[in-house]
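Novice: Dropping the structure in here first, questions after.
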Amino acid sequence: MEFYSIRGGNPLSGEVDIAGAKNAALPILAASIMSNETVTVENVPDVSDIRAILSAIENIGAVVQRVDRHTFRINGSRIQDAPVEDEAVKKIRGSYYLIGSLLGKYQHAEVTLPKGCDIGLRPIDQHVKGFRALGAAIRIEHGMIIAETRELAGSHIYLDVVSVGATINIMMAASMAKGLTIIENAAKEPHVVDLANFLNSMGAQIKGAGTDVIRIRGVQRLHATEYSIIPDQIEAGTYMFAAAATHGDVTIRNVIPKHLESLTAKLGEIGCQVEESDDAVRVVANRRLSSTHVKTLPYPGFPTDMQPQITVLLGLSDGTSIVTESIFESRFKYVDELTRMGAQIRVESNTAIIDGVTKYTGASIVAPDLRAGAALVIAALAAEGYSEVSDIRYIERGYEDFPEKLRALGADIRLLDTDDPQLDSRKALHLA
Ligand code: EPZ
């Protein structure tokens, strides 16, 4: 089993390039099979969730050709009417995007119910409500969700909660439905806009993505396109907060600074210097940061996917901070691990009350999910002494070359394996 071996204390410095956005790539790859022509997708991040969705579309008959590490040509003309249920896809949340894309194209989809990170209840009632409004019959049998209809027809759908997944799924299916669909109370995240731009580049007619009302006029067919995915806002944010927590100086390149505004604002509030240029942000922290209050909200609010990272940072800041999680109710599971590193954090329901300490100390910690795992790595990089972070398969779901990129910034992090017969000597070498 692989784990990260980390000697903390090095301030991160230098430049890091951000990969394509995982949460945009998942729906875009799912939507790429909606055309019968060949679609080229660039800037696809090389992470395990993406490999899972690619294998899922290949298993139902799409031709997936890897042009280079981050570019794929996909042809969905030979898709068979087969259920999507392979093992890899069962583990990822994004597998449910194949319901929207297959239902839109073939009026029939059979997809295993998604799991994804264990961060709280993750209902799909709004997806189901949307599909039903478009005329599909939905049933759940043997762990599969089955959606079918003779004809999808546009509809007026008001989402009861702002849901990224439901907005995306309904947008995909509605792209090939007959007539006009209006989604009200839609999610406005950058990846929702990216999917709309991708579908429009294939000939879809979607207007209003990025606002809370999206209008989709269905078309009969979608054509070939070449499309490059936006940079990953959360990967960028993770490096911004790692720079701040280690009192470093890091330029994060290949980003869209507008997508990072809620993060930039919080870093500024607590005393970091943040400089923005066209496609980069530089974060400099040369003193102890101060406390603040944060509440996670749908975009453009502070993202829930950055909640563990900011909690780790505020755990080292001067004074008392309050972090309120309003999207997922079980997203503070990592706090126990952080406490073992010396953090003073009390969790009451969906709120963490953080009394900043002057330092964390290294410990053996377990990554409970993707973002919390990345946040614990930040804690270990900032900590005094040696840490081991296990269950890193979660982190690999969403961060391309995580240890390599951190090492290039001066972090002392190694990837080791408990099954390695030379583990003891490698560990001794690292500790020496
Ligand atoms: C997406 O999850 C992301 N996943 C998550 O990122 C992210 O945390 C989340 O959006 C919020 O930004 C992917 O894009 C694959 P939601 P999703 O539907 O779509 C409730 C990561 O680390 N809800 O926007 O599943 C739900 O319980 C992952 O990369 C319903 O009640 O999130 C939650 O409280 C983790 N009914 C809220 O809406 C529904 O039918 C927002 O969830 C759907 C959602």
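Novice: For the range 274-288, does any single residue satisfy the condition of being modelled with pLDDT of 95 or more, of a type in the set (Ser, Thr, Tyr) and within 19 Å of ILE234 (Cβ to Cβ)?
Specialist: Scanning the range 274-288 turns up no residue that is modelled with pLDDT of 95 or more, of a type in the set (Ser, Thr, Tyr) and within 19 Å of ILE234 (Cβ to Cβ).
Novice: So THR112 clears everything in (1) in contact with a helix residue (DSSP H, G or I) (Cβ under 6 Å, 6 or more places away or on another chain); (2) buried (at least 24 other Cβ atoms within 10 Å of the Cβ) except one condition, right? Which one?
Specialist: (2)
Novice: Got at least one residue in the range 120-132 being more than 10 Å from the ligand (Cβ to nearest atom) and modelled with pLDDT of 95 or more?
Specialist: Yes, because at least one residue in the range 120-132 is more than 10 Å from the ligand (Cβ to nearest atom) and modelled with pLDDT of 95 or more.
Novice: List pairs: first in the range 115-142 and under 17 Å from TYR97 (Cβ atoms), second at pLDDT 90 or above and within 6 Å of the ligand (Cβ to nearest atom), Cβ under 7 Å, 6+ apart or cross-chain?
Specialist: If the second residue must be at pLDDT 90 or above and within 6 Å of the ligand (Cβ to nearest atom), the pairs left are CYS117/LEU370; GLN126/VAL161; GLN126/SER163; GLN126/ALA166; HIS127/GLY165; HIS127/ALA166; GLY130/ALA166.
Novice: State which residue is nearest to the ligand (Cβ to nearest atom) when the search covers only the range 177-191 and only residues that are surrounded by fewer than 24 Cβ atoms within 10 Å (Cβ to Cβ) and of a type in the set (A, V, I, L, M).
Specialist: ILE182
Novice: Filter the range 148-164 down to the residues that are in contact (Cβ under 8 Å) with a residue 60 or more places away in the chain and surrounded by fewer than 23 Cβ atoms within 10 Å (Cβ to Cβ) and list them by number.
Specialist: Our first condition is that a residue be in contact (Cβ under 8 Å) with a residue 60 or more places away in the chain; within the range 148-164, this holds for 152, 154, 162, 164.
Across the range 148-164, the qualifying residues are GLY154, VAL162, VAL164.
Novice: Another question, then. Is it the case that some residue within the range 152-159 is out of contact with any Asp or Glu (no Cβ under 8 Å at 6 or more places or on another chain), outside any strand (DSSP E or B), more than 17 Å from LEU199 (Cβ to Cβ) and away from the ligand (no atom under 16 Å from the Cβ)?
Specialist: If we filter the range 152-159 for residues that are out of contact with any Asp or Glu (no Cβ under 8 Å at 6 or more places or on another chain), which is where we start, we get 152-155.
Filter again for outside any strand (DSSP E or B), leaving 152, 154-155.
Imposing the further condition that a residue be more than 17 Å from LEU199 (Cβ to Cβ) reduces the set to 155.
Now drop any that are not away from the ligand (no atom under 16 Å from the Cβ), which leaves 155.
Within the range 152-159 (the criterion being out of contact with any Asp or Glu (no Cβ under 8 Å at 6 or more places or on another chain), outside any strand (DSSP E or B), more than 17 Å from LEU199 (Cβ to Cβ) and away from the ligand (no atom under 16 Å from the Cβ)), the answer is yes, since at least one residue qualifies.
Novice: Select from the range 370-386 the residues that are buried (at least 23 other Cβ atoms within 10 Å of the Cβ), touching a Phe, Trp or Tyr at 6+ places or on another chain (Cβ under 8 Å) and either of a type outside the set (Val, Ile, Thr) or farther than 22 Å from ILE50 by Cβ (or both) and list them in ascending order.
Specialist: Selection gives LEU370, ALA372, GLY373, ALA374, ALA375, LEU376, ILE378, ALA379, ALA380, ALA382, ALA383.
Novice: Check VAL213 against each of (1) surrounded by 16 or more Cβ atoms within 10 Å (Cβ to Cβ); (2) touching a residue at least 12 places away in the same chain (Cβ under 8 Å); (3) over 23 Å from THR112 (Cβ atoms) and name the one condition it does not meet.
Specialist: Condition not satisfied by VAL213: (1).
Novice: I would also like to ask the following. When you go through ASP401, ASP369, ASP391, ASP355 one by one, which is the residue that is over 20 Å from the mean Cα position of the chain (by Cα) and in the same structural domain as SER13 (by TED's automatic domain parsing)?
Specialist: ASP355
Novice: Right, here's the next one. Taking ILE145 as meeting all but one of (1) among the β-branched types (Val, Ile, Thr); (2) within 10 Å of the ligand (Cβ to nearest atom); (3) surrounded by 20 or more Cβ atoms within 10 Å (Cβ to Cβ), write down the number of the exception.
Specialist: In the conditions (1) among the β-branched types (Val, Ile, Thr); (2) within 10 Å of the ligand (Cβ to nearest atom); (3) surrounded by 20 or more Cβ atoms within 10 Å (Cβ to Cβ), ILE145 misses (2) alone.
Novice: Continuing with the same structure: Using the structure shown, decide if VAL164 is within 14 Å of the ligand (Cβ to nearest atom), among the hydrophobic types (A, V, I, L, M, F, W, C) and either in contact with a His (Cβ under 9 Å, 6 or more places away or on another chain) or in the same structural domain as ARG371 (by TED's automatic domain parsing) (or both).
Specialist: yes
Novice: Oh, and also: Listed residues ILE354, ILE413; which is of a type in the set (Val, Ile, Thr), touching a residue at least 12 places away in the same chain (Cβ under 8 Å), surrounded by 23 or more Cβ atoms within 10 Å (Cβ to Cβ) and under 24 Å from ASP49 (Cα atoms)?
Specialist: Every option except ILE413 fails the conditions.
The values are calculated or read from the model by the stated rules, or taken from the named source; none is laboratory data. Bear in mind the structure is a predicted one, so any value in this text is a computation, not a measurement. When we count neighbours, we look across all protein chains shown, and the Cβ atoms used for this are built from the backbone with ideal geometry, even at glycine.
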